[in-house]
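These notes are about the structure you will find just below.
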Amino acid sequence: MQKRALGKTGHFSTLAIFGGAAFWDITQSVADTVMEQVIAAGINHIDVAPQYGVAEERLGPWMKRERGRFFLGCKTMQRTEEEAWAEMHRSLKRLQVEQFDLYQIHAITTQDELDVALRKGGVIETLVKARDEGITRFVGITGHGMQSPKLFLQAIERFDFDTVMFPLNYGLMGQEGYRQDAQALLEACRERKVGCMIIKSIAQAPWKERPKTHTTWYEPYHTPASIQEAVNFVLSYDVTGLCMAGDITVLPMLLQACEQFTPLSAVERDALIERGKAMEMIF
């Protein structure tokens, strides 16, 4: 599978980044089967968080055996230094590792959350301390919501983050304000050599009253053709890669789509953006 530089970290991540949210509530035997698929596909980057159910526990045995195979990213939703420091050590124990490659502030969605995270005594001080002590090599920030590109553009101006992780798909890019903010963030990340990881690449719509046929909190694209189209769209931007959706049933199709990625022309990308203007937003 193709690899791209993760900003200035020196690491080259596979286009597909395994998202630990897929291990929200599964047995170890099922997790083992999925991890065998991940390794067979050549995936070299894993992203996980303590908020992803039993994901850290399920990944732990694999990290103990295969730590050198993967670039490991983890996160914290705690907003104070003290709480984040404690949560970080719980994650290290569950994952059976001594060091992260990347530790990130998780799920920033509002200006107030960003301000609290970056102030004195905030979670940012945990990230700095962890990096200084060698507990993590790099630090990043992640989040959801329609404000994430604008917030993260501000974040990378206020602190020298190594990476950002935010939503991108053609539905979101069909919204003019979001598109302008996302393009500004991508350009700033390119100039500053900040790694960009994408979430919600195959998000199609909110479930609303429809029966939930997948474990994601949004309705995903779920056919090979629709997933390929969504993946081609996202990876045609200057991003490192995409975090795979939190549903193991779409994993094989996502792996195949990343393996068969074909860049879109400007005309093809604009056509999808036009289609996205009529889509329902998941946020």
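The values are calculated or read from the model by the stated rules, or taken from the named source; none is laboratory data. Since we're looking at a predicted model, the values are computed, not measured. Positions of Cβ are backbone-derived with ideal geometry, glycine not excepted, and every protein chain shown enters the neighbour counts.
Go through the stretch 128-162 and report how many residues are at pLDDT 95 or above, touching a strand residue (DSSP E or B) at 6+ places or on another chain (Cβ under 7 Å), within 26 Å of R179 (Cβ to Cβ) and not in a helix (DSSP H, G or I).
6
Pull up the stretch 117-158, narrow it to residues that are surrounded by 18 or more Cβ atoms within 10 Å (Cβ to Cβ) and polar (S, T, N, Q), then point me to the one that is nearest to the chain's Cα centre (by Cα).
Out of the qualifying residues, it is T142.
Going by the conditions given, is L172 of a type outside the set (V, I, T), surrounded by 20 or more Cβ atoms within 10 Å (Cβ to Cβ), at pLDDT 95 or above and farther than 30 Å from R65 by Cβ? Can you show your working first?
Working: of a type outside the set (V, I, T): yes; surrounded by 20 or more Cβ atoms within 10 Å (Cβ to Cβ): yes; at pLDDT 95 or above: yes; farther than 30 Å from R65 by Cβ: yes.
In short, yes.
Considering only the stretch 1-67, give the strands (runs of 3 or more DSSP E) lying wholly within it that have at least 1 residues that are surrounded by 21 or more Cβ atoms within 10 Å (Cβ to Cβ).
On the way: elements: 3-5, 12-14, 16-19, 45-47.
Per the criteria, 12-14, 16-19, 45-47.
Given A40, A84, A49, A31, which one is in contact with a strand residue (DSSP E or B) (Cβ under 7 Å, 6 or more places away or on another chain) and more than 21 Å from T240 (Cβ to Cβ)?
Numbers: A40 fails: in contact with a strand residue (DSSP E or B) (Cβ under 7 Å, 6 or more places away or on another chain); A49 fails: more than 21 Å from T240 (Cβ to Cβ); A31 fails: in contact with a strand residue (DSSP E or B) (Cβ under 7 Å, 6 or more places away or on another chain).
Criteria check complete, one pass: A84.
Any residue in the stretch 203-224 that is farther than 21 Å from M77 by Cα, touching a residue at least 40 places away in the same chain (Cβ under 8 Å), in contact with a strand residue (DSSP E or B) (Cβ under 9 Å, 6 or more places away or on another chain) and hydrophobic (A, V, I, L, M, F, W, C)?
Taking every residue of the stretch 203-224 in turn, at least one turns out to be farther than 21 Å from M77 by Cα, touching a residue at least 40 places away in the same chain (Cβ under 8 Å), in contact with a strand residue (DSSP E or B) (Cβ under 9 Å, 6 or more places away or on another chain) and hydrophobic (A, V, I, L, M, F, W, C).
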